[in-house]
Amino acid sequence: MGFDRLWRGGRLATMAPDRAGLGLIEDGAVATRDGRIAWIGAVADLPRDVTADEVIELDGRLVTPGLIDCHTHLVFAGDRADEFEMRLRGETYETIAAAGGGILSTVRNTRAASQDQLVATALERLDRLMAEGVTAIEVKSGYGLNLDSELKMLRAARALGELRKVEVVTSLLAAHTVPPEYRDDRAAYVALIVDAILPAAVREGLADSVDAFCETSAFSPAEVRRVFEAARAHGLPVRLHADQRTAGGGAGLAAEFGALSADHLERTDAAGAAAMAAAGCVAVLLPGAFYALRDETAPPITLFREAGVRMAVATDCNPGSSPLTSILTALNLSVILFGLTVEEALLGVTREAARALGRFDRLGSLEVGKACDLAIWDATRPVELAYWLGRNPLRSRVFRGEMV
Ligand SMILES: [Zn+2]
């Protein structure tokens, strides 16, 4: 039996759903052929005739699937450091936005930037995430808010996946906020999304899913519904920023459309959680935004557990509400601020994050046939990934069977 590469003697956290907890294999081995996992199990069970072009001794180290950041706004221009200082002085996210700052300042900067400039600044953030073992990332548009700039953002996101050894999943988030030129005619902007931006993104193969921001300061459930119906007509899955600042029935709306995920969810109620569970909609928890906005209402983790909602964890990396470029910090914040168990948090950046992206058939666990994307840690216990704040124990990252 011949493999391209074989890692042996490690503690494998497989995240495989048919194994309990993190699916640990002690003194395990994993082998790759043609970029996929070709064999995984205990060293003692390795076939006698096994050969590999390269054999790597793990010396007891922990191995997890490559981490997945399933909610980011990685592509944008400029930053919002000045606004951060205003918020420190007591102004709220909503009052800053109402005064033309906030997200609209990022929209101005992003519209003015070239695609190459967007790629260059996003790469710097992407490299930080990859240095912590990230092998797949979701990237949204949503700071262009017109045809050309939304497509420019999505092309920049696609370019990231060509320039780095990482899988990029894109989401069209034209329904992020209403741009100033449509402030007095919101319906016309929703029509622009449905009739022009979405079809163009589909034609160019730029969107893997469609996202929207359902919030009193953004889009109403009725407006989101129009966008989601258009996504459905184009055969694209949807996801939703839901119930973050106000309870607006977002979780139920996401579930109704069979969304891959509903995200934030600080103000989701029991009915919303039940609807999500029934629809198999993943709850994507974003502790970076909760922390940076000094929110005091955490997502209803107990309700999600009781209802059986799967939970993922992501950075929500964006210049306004979550300037976070560390998936390991998101892990730490999720256990400290939201009360996730270490097991829930780690499943949340692997298996459940893959489900939130609709890619669990290929990513998110160490199982034969899946992409051989690994994170090898200078650690032996899974808790060490969530324990440190600011320490990165990654030893090496493997993408499609290659050490990178
Ligand atoms: Zn977001």
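The values are calculated or read from the model by the stated rules, or taken from the named source; none is laboratory data. Keep in mind the model is a prediction, meaning the values are calculated, not measured. For neighbour counting, all protein chains shown are included, and Cβ atoms are generated from backbone atoms with ideal geometry for every residue, glycine included. Protein only, heavy atoms only, side chains kept; ligands, DNA and RNA dropped before computing areas. Shrake-Rupley method; radii C 1.70, N 1.55, O 1.52, S 1.80 Å.
Numbers for the structure displayed
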read-out	value
Residue list for the stretch 295-304, restricted to those being touching a strand residue (DSSP E or B) at 6+ places or on another chain (Cβ under 8 Å) and either within 16 Å of the ligand (Cβ to nearest atom) or part of a loop (DSSP other than H, G, I, E, B) (or both)	P299
Matching helices (runs of 4 or more DSSP H) fully within the stretch 113-216 where at least 1 residues are closer than 18 Å to A230 by Cβ and in contact with a Pro (Cβ under 9 Å, 6 or more places away or on another chain)	186-192
Among the candidates R61, R36, R8, residue that is basic (K, R), open to solvent by 10 Å² or more (accessible area, probe 1.4 Å) and touching a helix residue (DSSP H, G or I) at 6+ places or on another chain (Cβ under 6 Å)	R8
Scan of the stretch 305-358 for residues that are polar (S, T, N, Q) and assigned to a loop (DSSP other than H, G, I, E, B), ordered by number	T315, N318, S321, S322, T325, S326, T341, T350
Selection from the stretch 366-380 of residues that are crowded, with 20+ Cβ neighbours inside 10 Å, in contact with a Gly (Cβ under 7 Å, 6 or more places away or on another chain) and outside any strand (DSSP E or B)	C372, D373
Filtered residues of the stretch 381-404 (kept if in contact (Cβ under 8 Å) with a residue 60 or more places away in the chain, open to solvent by less than 40 Å² (accessible area, probe 1.4 Å), among the hydrophobic types (A, V, I, L, M, F, W, C) and over 16 Å from A38 (Cα atoms))	L385, L394
Per-region count, the stretch 241-276, residues assigned to a loop (DSSP other than H, G, I, E, B) and in contact (Cβ under 8 Å) with a residue 60 or more places away in the chain	2
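So that you can scan it fast, the table gives a plain yes or no per residue for (1) assigned to a helix (DSSP H, G or I); (2) in contact with a Gly (Cβ under 8 Å, 6 or more places away or on another chain); (3) within 16 Å of the ligand (Cβ to nearest atom):
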residue	(1), (2), (3)
H71	no, no, yes
L74	no, no, yes
A77	no, no, no
F84	yes, no, no
R87	yes, no, no
A97	yes, no, yes
G101	no, no, no
V107	yes, yes, yes
